[in-house]
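The values are calculated or read from the model by the stated rules, or taken from the named source; none is laboratory data. As the structure is a computational prediction, the values presented were derived from the model and not from experiment. Using ideal geometry, Cβ is built from the backbone for each residue, glycine included, and neighbour counts are taken over all protein chains shown. Side chains included, ligands, DNA and RNA excluded: accessible areas come from the protein's heavy atoms. Shrake-Rupley method; radii C 1.70, N 1.55, O 1.52, S 1.80 Å.
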Amino acid sequence: GLSISYFDPAPQGDHALLKGIPKSGKVSEGSKQLPAVAVWYDGDGRGSWKPCVVLARRGTAKLLVEWADDRSRQESLRLHCLLEHEDIRAFCRRVGVCLRARTKAESYLRYNLFIDNMPFSGNPVITDRQVVRIHSSAMNTERLQKLKSSASMESLMSEVTTEYNRTINKMVLDAMLVDHAHKDGFRDLDLPKPPRKAAAPFLGTITMPVYDYRESVAAFRQVTFIDQREVIAALESVRAECGKVVGLPMFQNDLIKAMEVSEFSRIQNEQSKTTSQALKRVWSDKLRNGITDSLADIPESGDMYIGINDRQRFEA
């Protein structure tokens, strides 16, 4: 059967438990040894627990142990070896998880083996209309159209036919596992039960929770002024001025004649200087004026009043 080491959920957690044990699998004089008990198998394959010491690691799944009675050495699975300082409850849970996972894996393998060995005779064949739809979906480019009459297309259709028949056999086997006179013959299959289908609703609608729009708007207005007319006008003015900046060039890129490097550098410096001055003087003034003009009509008694007429306070 499958080794339970393949289903170990925490092989990396042994680093702390096996600290000091060589990883190379070779035993050197003076190396650390860990007392433990491990499963020993006799000539008939029957196992029993015997005391031993762990000498070295052999990968992540095996250990090299030395039996206490005759000093013989043998490889043992990590999950067949309980260390002296290891929590026995955690060890048992770990082994139990592996055994349950192996049982399910073997069931899935056996289930797929049944499907793979079911005959195709008696299954409904793929109709010509279905074959045409497959061709049109698979050969949807000019390059693929050239393969329509080649061996590649025949191989593709053979694979499609095999998968189609296997799907039909899977549906038949699933129906037998649910309700059939011979379903008791599949007791060894430990498969999860199919999910129950939810009942069809009487109406094709979705129940939505109650939403109080007025209460939500009131809560929003308590923490922001973005819904006020003056703020909206100020934001619109800022957006318009920022949109104009996109069209301001920092460099002269429409030159069409050859020139010296010094002349080219002078032109670019002048363009950069012009744009920089426009941003610092004209654009910043328009931006500030747009904000102040939009917020100028706010009454002093309002919650939004920030003393806009006080120039020093506003600019600070």
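Divide the volume of the convex hull of the Cα atoms of the stretch 31-183 by its number of residues and quote the answer in cubic angstrom per residue.
Output value, Cα hull per residue: 264 Å³.
Assuming 0.692 mPa s and 37 °C, estimate D for the stretch 161-275 with Stokes-Einstein, Rh taken as the Kirkwood radius over Cα pairs, in µm²/s.
So the translational diffusion coefficient is about 135 µm²/s.
At Ala296 and Glu106, where each label point lies 7 Å from the Cα along Cα→Cβ, what is the point-to-point distance in nanometres?
Distance between label points: 8.9 nm.
Please give the net charge around Leu18, taking every other residue with its beta carbon less than 11 angstrom from that of Leu18, where Lys and Arg add +1 and Asp and Glu add -1.
So the surrounding residues net to +3.
Estimate the FRET efficiency between Val39 and Asp116 by the formula 1/(1 + (r/R0)^6), using the beta-carbon distance for r and 45 Å for R0, to the nearest 0.05.
The formula returns an efficiency of 0.85 here.
Ala219 to Lys50: extension gain in nm, 0.36 nm per residue of separation minus the Cα-Cα distance?
Gain on extension, Ala219 to Lys50, equals 53.6 nm.
Holding the Cα-Cα limit at 20 Å, pick out from Lys244/Lys286; Lys104/Lys197; Lys244/Lys280 the pairs that are longer than that.
Beyond 20 Å: Lys104/Lys197.
Between Phe202, Phe220, Phe91, which gets the highest mean-square fluctuation from a Gaussian network model of the chain, Cα cutoff 10 Å?
Greatest mean-square fluctuation among the candidates belongs to Phe220.
Restrict the search to the stretch 24-94; then list the trypsin sites (Lys or Arg not before Pro) that DSSP places in a loop and that have at most 14 other Cβ atoms within 10 Å of their Cβ.
The qualifying sites are Lys26, Lys32, Arg46, Arg71.
At 7 Å along the Cα-to-beta-carbon direction for both His85 and Ser272, put a label point, then send me their distance in nm to one decimal.
6.7 nm
So, counting K/R as plus one and D/E as minus one, what does the shell of residues with Cβ under 15 Å around Lys244 add up to?
Counting the neighbours of Lys244, the net charge comes to +2.
If each of Val246 and Lys32 carries a label point 7 Å out from its Cα toward its Cβ, how far apart are those two points in nm?
6.6 nm
For the stretch 134-265, with all protein chains present and a 1.4 Å probe, just round the carbon and sulfur fraction of the accessible area to a whole percent.
Answer for the stretch 134-265: carbon and sulfur cover 59 percent of the accessible area.
What does the C-alpha gyration tensor say about the overall shape of the stretch 12-67? Classify as rounded when a/c is under 1.5, otherwise prolate if a/b is larger than b/c, or oblate.
Prolate, because a/c is 1.5 or more and a/b exceeds b/c.
Under a no-solvent Debye model with one identical scatterer per Cα of the chain, what's log10 I(q)/I(0) at q = 0.08, 0.09, 0.14 Å⁻¹?
Reported log10 I(q)/I(0), two decimals: -0.88, -0.86, -1.20.
Of the candidates Val125, Val172, Val231, which one comes out as most mobile in a Gaussian network treatment of the chain with C-alpha springs shorter than 10 Å?
Val231
Non-local amide H neighbours of Leu189 (under 5 Å, H modeled in plane, Pro and chain starts lacking H): which ones?
So Leu189 has HN proximity to no qualifying residue.
Under 10 Å, Cα contacts only: if you run a Gaussian network model on the chain, which one of Thr161, Thr275, Thr127 comes out with the highest mean-square fluctuation?
Looking only at Thr161, Thr275, Thr127, the largest GNM fluctuation is found for Thr275.
Using a 1.4 Å probe, what is the accessible area per residue for the chain, in Å²?
It amounts to 75 Å² per residue over the chain.
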